[in-house]
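This report refers to the structure that appears directly beneath it.
Each value in this text was obtained by applying a stated rule to the coordinates, not by laboratory testing. All values reported here derive from a predicted model rather than from experimental measurement. Note: ideal-geometry Cβ built from the backbone for every residue, glycine included; neighbour counts use all protein chains shown.
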Amino acid sequence: MAGKVRVAIVGLGFGAEFIPIYQQHPDAEMYAICRRNKAELDACGDQFGVAKRYTSYEELLKDPNVDAVHINSPIPDHAKQSIAALNAGKHVACTVPMGVSIEECRQIVEAQKKSGRTYMMMETVVYSREYLFAKDLYDRGVLGRIQFLRGSHQQDMHGWPHYWPGLPPMWYATHCVSPCLAILSDPEKGKAALAESVVCHGSGRISDDLIKHYNSPFAIESATFKIKGSDVVAEVTRSLFDTARQYRESFDVTGSNVSFEWQQVEGEDPVLHMRGLPEHQIPRRVKVPDFAGRLPEGIRKFTGAIHDATHLSFLQGAGHGGSHPHLVHNFLMAVLGKQPAFPDAPTSANWTMVGICAHESAMKGGTRVEIPQL
Ligand SMILES: NC(=O)c1ccc[n+]([C@@H]2O[C@H](COP(=O)([O-])OP(=O)(O)OC[C@H]3O[C@@H](n4cnc5c(N)ncnc54)[C@H](O)[C@@H]3O)[C@@H](O)[C@H]2O)c1
């Protein structure tokens with residue numbers, strides 16, 4: 001398509017963080033917002049100056065002025081809203097996860113193919129400055145050969161909205177799965193590293209009032225998965241309830257020359273381990289650079305690069321490692337046909353299904369589960 005992409009944002013909790021970024025992107029028109037509660041919808045529209053407002057998602061999809069929807073609704077709605085939008089001829093950006101079953105992932109991949117529209121899962125980690133730093137080191141040959149990958153995402157979700165209590169940890173695993181596969185991918189050359197099978201063990205037990213929601217008993221799920229056409233194995237760990245751990249979204253790459261370890265404690269700089277140095281010189285902390293230079297000038301500030309208190313209201317979208325403006329930019333460029341969506345629909349499905357199949361494996365006592373190739 002040509003001209004500015006007219007975007008509608010659906011779900012205005014987390015979703016509201018993206019409004020000012022679209023408003024300041026040169027190729028977007030922040031056209032409409034949607035949530036069911038009219039008072040909250042109006043409060044958000046007034047705050048950001050968005051005139052077109054919908055309380056009904058179905059009505060929004062009938063609006064011919066909407067080119068693209070960016071879905072930030074509760075997890076159980078992601079798949080059906082994505083499929084409805086693709087069938088209505090809209091481009092779709094959807095927050096993680098793509099869906100909660102293999103069937104949902106399959107239907108989105110099919111709807112995307114049939115519609116010819118863009119689908120992109122808005123995975124924040126693969127646009128965070130820490131991931132972009134590790135990817136850059138790997139692509140420039142600094143890490144050497146990748147020997148092992150490890151992701152972990154630990155979060156205490158007590159008190160979060162109704163769909164969270166008792167959610168199987170691996171159903172929300174894309175934050176730790178995605179960097180392990182993305183680092184071995186090259187979307188510009190059409191190369192996506194995909195997982196082919198997974199083995200997962202469940203450990204510990206959450207309280208009975210949590211278990212009853214999804215019949216998922218484990219406090220921690222820990223999986224290893226094989227990567228198609230590669231000898232590298234990745235390991236991922238997830239927890240959501242009844243586990244003492246500060247929030248951690250982390251990613252480690254073990255290389256033959258240099259290894260990268262992201263995070264132990266919030267706020268600490270990552271560590272590089274250099275092979276061949278005297279033992280005490282092997283690890284060193286690094287300041288991760290900002291990758292705002294890859295973005296149009298108007299949205300660079302949303303990576304969090306500018307720490308000016310007077311700009312705070314504009315910096316609302318600077319969370320998750322500065323990833324939000326990168327996600328918006330990549331999605332818009334994909335809609336405009338200037339670069340591939342990353343992750344596209346089949347890749348999003350693979351990243352999501354690692355977790356779905358991992359939970360299945362854990363429930364079967366750790367048997368290997370093949371991941372369907374869509
Ligand atoms: N790092 C990340 O990628 C990241 C971070 C935070 C949240 N998320 C995802 O974003 C989503 C939203 O998170 P949240 O914390 O804002 O959730 P939330 O439940 O607080 O908010 C959901 C929003 O969707 C709206 N909504 C619900 N059903 C709707 C419908 N049928 N039509 C239109 N609007 C509808 C609600 O009114 C609300 O504004 C979740 O799926 C979560 O997984 C991702």
Q: Give me the distance between the Cα centres of region 1-58 and region 106-168, rounded to whole Å.
A: 24
**Q.** Long-range HN-HN contacts of residue 196 with modeled amide H, under 5 Å
**A.** 226, 227, 228
Q: Working from the alpha-carbon coordinates of the chain, get Rg over Rh, Rh being the Kirkwood radius.
A: 0.96
Q: Among 253, 116, 214, flag the residue with its Cα farthest along the positive direction of the charge dipole of the chain, charges on Cβ as +1 for Lys/Arg and -1 for Asp/Glu.
A: 116
Q: Report, in deg cm²/dmol and to the nearest 500, the calculated mean residue ellipticity at 222 nm for the chain, where each DSSP H run with n ≥ 4 adds -39500 (n - 2.57) and the sum is divided by the residue count.
A: -8500 deg cm²/dmol
Q.
Suppose every Lys and Arg Cβ carries +1 and every Asp and Glu Cβ carries -1, with no other charges. What dipole size does the chain come out with about its Cα centre, to the nearest 20 debye?
A. 640
Q: Take every DSSP beta bridge whose two residues both sit in the chain, then give the antiparallel share in percent to the nearest 5.
A: 55
